[in-house]
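So the structure is just underneath, and the comments pick up after that.
Coordinate-derived values only; no laboratory data. Worth saying up front: this structure is predicted, and the values here are computed from it rather than measured. Reconstructed Cβ throughout: ideal geometry from the backbone, glycine too, with neighbour counts over all protein chains shown.
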Amino acid sequence: MTDANAAPDAAPQQDRQSSDFSSTDGEIIVFRSSDGVLFNIHRRNLQSVTSGPFAEDFDAPAGEIVPLTEDKDTLRTLFAFVYPNPHPLLCDTSFEKLMQVAEAGEKYKVAPAISVCQLNMRLSMLYKKHPLEIIQFADRHGYTELLDLSAPYTLELKLRMRDARRILSLPVFAAWAEYCQARRDILSLETYNKRMCAVHSNGLLCLSWHSVVYMVEERWTERGMSSSEDVDYIFRADGLPDCRALSYYNGATNSRHTYCQDQLEEWKGAVKERFLAMHPLSTYLTCPA
C-alpha cells in the first residue's frame with residue numbers, strides 16, 4: 001500500500017550543456033561531469049594531446065554520453081588544455097581546485113595540464129605550504145624529485161601525527177615518520193656527546209651550557225630544520241646566556257669568545273654535517289631500514 005504522505009520522487013537532474021564546449025562540428029565525443037554538465041570534445045584533439053583513455057579509439061555512437069567522475073569546474077579546466085588556445089595558467093586557482101585538475105590530468109594523461117600543474121606546485125612553492133598533500137600526490141604518480149623537495153618542509157609546520165595519517169597512505173606515512181625521527185635524532189642522539197657535555201675544553205664545568213641546549217631546542221621546535229640555513233638560525237650565538245667558564249681573546253676574529261660559543265659552533269658543525277648527509281624521504285620508501 002502506498003503511503004499517501006510520502007514525498008514524490010525527485011525529478012532526475014536534467015543535463016546542461018557547457019557553453020564553452022558545445023560544438024557539434026566534426027567527430028564529437030560527449031562527456032558528462034559528475035554534476036550533470038555536458039562537454040562536446042573533438043576526438044582528434046583528444047588523440048593529439050592526451051595519451052590515456054581519451055586517446056583510445058573507443059566507440060562513441062552519436063547521442064551516447066560518456067560519464068566521468070570529475071565535476072564541471074575540473075573538466076572545464078582540463079578540456080581547455082586539449083585545444084590550441086592559450087592554456088589556463090591556474091595561478092589564481094585554489095590549492096584544492098589545482099589538485100583536482102592535477103589528478104584529472106594524471107588520470108587521463110593530458111600532458112599540458114600535467115605540466116602547468118607541476119609548474120604551479122613548484123613556482124608558487126605549494127610544496128612548502130602543503131607539503132603532505134604534495135608528498136602524497138608525488139608518491140601516487142611517481143614524482144620522486146617533487147616528493148623529496150616537499151619532505152623537509154613537513155618539519156617546519158606544527159603538524160599533528162593524525163593529520164599526516166589522514167593525508168598520507170600507510171606506506172608513505174610509515175616512511176615519513178621514520179624520516180622525521182631521523183631528523184630529530186641528528187639534534188639529540190647523533191650529536192649526544194656535544195649536546196650533553198657541560199665541561200668545556202678548558203676543563204671547567206659550565207652551569208650555563210644546559211640553558212644553551214634548551215635555547216637551541218626551543219629554536220628547533222619553533223622553526224624546524226629543512227635547510228642548512230635553518231641549522232645556522234638554530235645555532236646562532238646571539239641571545240646566549242653568559243658563559244660560566246670564562247672567556248678568552250680570539251686573535252683570528254679579533255674579538256672575545258666564550259667557551260659556550262666554541263662548543264655551540266662544534267655542535268652546529270656536527271649537526272650540519274649529518275644534516276647534509278641525510279637520506280631523502282624517497283629512500284625510506286624504496287629501501288626501508
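If the elastic network links every pair of Cα atoms under 10 Å, which of LEU89, LEU75, LEU126 fluctuates the most in the Gaussian network model of the chain? In this elastic network of the chain, the residue with the biggest mean-square fluctuation among LEU89, LEU75, LEU126 is LEU89.
Build a GNM of the chain with springs between Cα atoms under 10 Å apart, and of PRO112, PRO131, PRO152 the one that fluctuates most is PRO112. Of the residues PHE81, LEU68, LEU119, the one whose Cα sits farthest towards the positive end of the charge dipole of region 16-124 is LEU119 (charges of +1 on Lys and Arg Cβ, -1 on Asp and Glu Cβ, taken about the Cα centre). Compute the acute angle (0 to 90°) between the alpha-carbon long axis of helix 209-223 and the principal axis of greatest extent of the alpha-carbon atoms of the chain; round to the nearest 10°. Its long axis makes an angle of about 10 degrees.
For region 57-139, applying the loop criterion from DSSP together with a ceiling of 15 other beta carbons within 10 Å to the GluC sites (Glu not before Pro) yields GLU64. Among MET278, MET196, a tally of other beta-carbon atoms within 10 Å of each Cβ gives an order, fewest to most, of MET196, MET278.
What angle do you read, to the nearest 10 degrees and between 0 and 90, between the alpha-carbon axis of helix 131-141 and the longest principal axis of the chain? Relative to the chain, helix 131-141 is tipped by roughly 50 degrees.
Computed about the Cα centre, the dipole magnitude for the chain is approximately 1000 debye when only Lys and Arg (+1) and Asp and Glu (-1) carry charge, each at its Cβ. This model, with +1 at the C-beta of Lys and Arg and -1 at the C-beta of Asp and Glu, gives region 16-124 a dipole about its Cα centre of some 220 debye. Evaluated at q = 0.11, 0.12, 0.16 Å⁻¹, a Debye calculation over the C-alpha positions of the chain (equal weights, vacuum) places log10 I(q)/I(0) at -0.79, -0.87, -1.17.
Exposure proxy check: ASP148, ASP73 ranked by fewest other beta carbons within 10 Å?
On the way: ASP148 18, ASP73 15.
Going from least to most buried by this count: ASP73, ASP148.
Over the chain, dividing the summed -39,500 (n - 2.57) contributions of all DSSP H runs of at least 4 residues by the number of residues returns a 222 nm mean residue ellipticity of -14000 deg cm²/dmol.
Its Kirkwood hydrodynamic radius, worked out from the mean inverse distance over all distinct Cα pairs, puts region 16-124 at 14.1 Å.
Rg and Dmax over the alpha-carbon atoms of region 170-286 stand at 16.2, 56 Å.
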